[in-house]
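Please read the structure below before turning to the comments.
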Amino acid sequence: QGAQIIVFPEDGIHGFNFTRSSIYPYLDFVLHSQSGKWNPCREPYLFNDTEVIQRLSCMALKNKIFLVANLGTKQPCDHTDPHCPPDGRYQFNTNVAFDDDGTLVATYRKHNLYFEYAFDTPPEPDYKHFDTPFAGKFGMFTCFDILFFEPAVNLIRQYDLKQIAYPTAWMNQLPLLSAVEFQQAFATAFNVNILAANIHHPTLGMTGSGIYTPVKSFVYHNMESYGGKLIVAEIPVITTDHETNLESNGRFRENLHDSCRTFTSTSLDDQVCFKEQEETPGRVSEKGNEQLPPSFYAEMMYDNFTFVPVWGERGELQVCANTLCCYLNYQRAVLTDELYALGVFDGLHTVHGTYYVQACALVKCGGLSFSSCGQEVTDATALIDFQLWGNMSTPYIFPLLLTSGVTLDFADHMGWKNNHYFMSKNRTSSGLLTAALYGRWYEKD
């Protein structure tokens, strides 16, 4: 189909559920410090145990295509090396990249392992990128790496990368960490193109791949069928050097000394102001005498979120936790019998990985009870216009927007304004599942 580069998923060659010893026969030998150019297809005799590498190299050469794949690799080590495992070898979860001549141009060893007991974490993070004639430099990292500063964020910033090859075997977790949802948010936040190849394994909750630009996506997410899909798309190369979205309006707009004392939420783009130490929005209704919506706690993504229900066809809400306050201005086209809630979490996430999250999330609840908020929901009918914003303490904000059937939508506006990060949308393309600002405060990990 004329593609210039193809990216394969993580674990696609060897599969799952290995121990350190049971995976050993399937590991290729790769010299990661390789400075010389090696073409495994043309020079198979240089190293032993490189069958997989050779096959991949020949595929790239024969089809004249850049190729990125994921496999297990081994590297003998000496007991003089303090990091050397007791069995005298390193085992790595590795991405390899070949150019269209079959030459091995880069190897990347996964840094943030997700309960992968067969593999070792490399002693130092790899910052790996390779050059292409059609899109300049491509960076590489794998799956769980996308949630951490090292090496993913550091790689992109240090080398000013605009295209990313991303093999993954991602277990979807709604409402905030579905594969297509977070892959898109990452492309938007860092203003990069991402070629994300996820393994397709619905029983393990692994589905959702795509070719993402900051403003458009070509995705495949299908929990019903067991057939995978090849996604082919032509996308513009990002060359511009202008700053990423998450820094677009100055790191925290600290230069903005707004003297205004009133809260106007009608048009966020004109002006956002907050009354200091006074009544906050959403605490009193227009009539001025109704009860405030009650706040409640519910578990979402294994974290204890503080929520307020989103009732009625329009309103202004606020909910706070620790230093983070989230604000929502909303209007529904039609009132449906669905419960939505605005949630906030500002703290250390500790289940299936440890990392600090600041999140403002408008989500559809699983049912009509408060305790159902935070559950995994895949379908919704409510069309909601909204402005969502929060006084985030980190510049790394991933804007999530997911609609019914786990499909993607794009915000109309987003960015920093008066020390708050905001996202606004008039009329989603279908029922709203999740609209969230997912902030990663890396320094507090």
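The values are calculated or read from the model by the stated rules, or taken from the named source; none is laboratory data. These numbers come from a predicted model, not from an experiment. Backbone-built Cβ (ideal geometry, glycine too); neighbour counts: all protein chains shown. Heads up: the accessible areas ignore ligands, DNA and RNA and are worked out on the full protein's heavy atoms, side chains in. Shrake-Rupley method; radii C 1.70, N 1.55, O 1.52, S 1.80 Å.
Quick rundown of the values:
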read-out	value
Label point distance in nm, Ile13-Glu43, each placed 7 Å from Cα along Cα→Cβ	1.9
Residue with peak Gaussian network fluctuation, the chain [Cα springs, cutoff 10 Å], from Ser424, Ser178, Ser22	Ser22
Fluctuation leader among Phe47, Phe410, Phe149 - the chain, Gaussian network, Cα springs under 10 angstrom	Phe47
Gain on full stretching of the segment that runs from Phe218 to Asn426 - 0.36 nm per residue minus C-alpha separation	72.7 nm
Cut-off under 5 Å, modelled amide H: who pairs with Gly439 long-range	Gln358, Ala359, Cys360, Phe398
Full-extension gain in nm, Ser225 to Asp81, via 0.36 nm per residue minus C-alpha separation	47.1 nm
Per-residue ³J(HN,Hα) for region 384-395, Karplus 6.51 cos²θ - 1.76 cosθ + 1.60, θ = phi - 60°, Hz, x for Gly and Pro	10, 8, 8, 10, 10, 8, x, 8, 4, 9, 10, x
Sum of -39500 (n - 2.57) over DSSP H runs of 4+, divided by residues of the chain (222 nm, nearest 500)	-2000 deg cm²/dmol
Ranked packing of 113-121, 433-441, most packed first, by mean Cβ within 10 Å	433-441, 113-121
Degrees, to the nearest 10: 179-190 long Cα axis against longest axis of the chain	80
With every protein chain in place, the chain: carbon and sulfur % of accessible area (1.4 Å)	51
Heavy-atom accessible area per residue - the chain, 1.4 Å, Å²	44
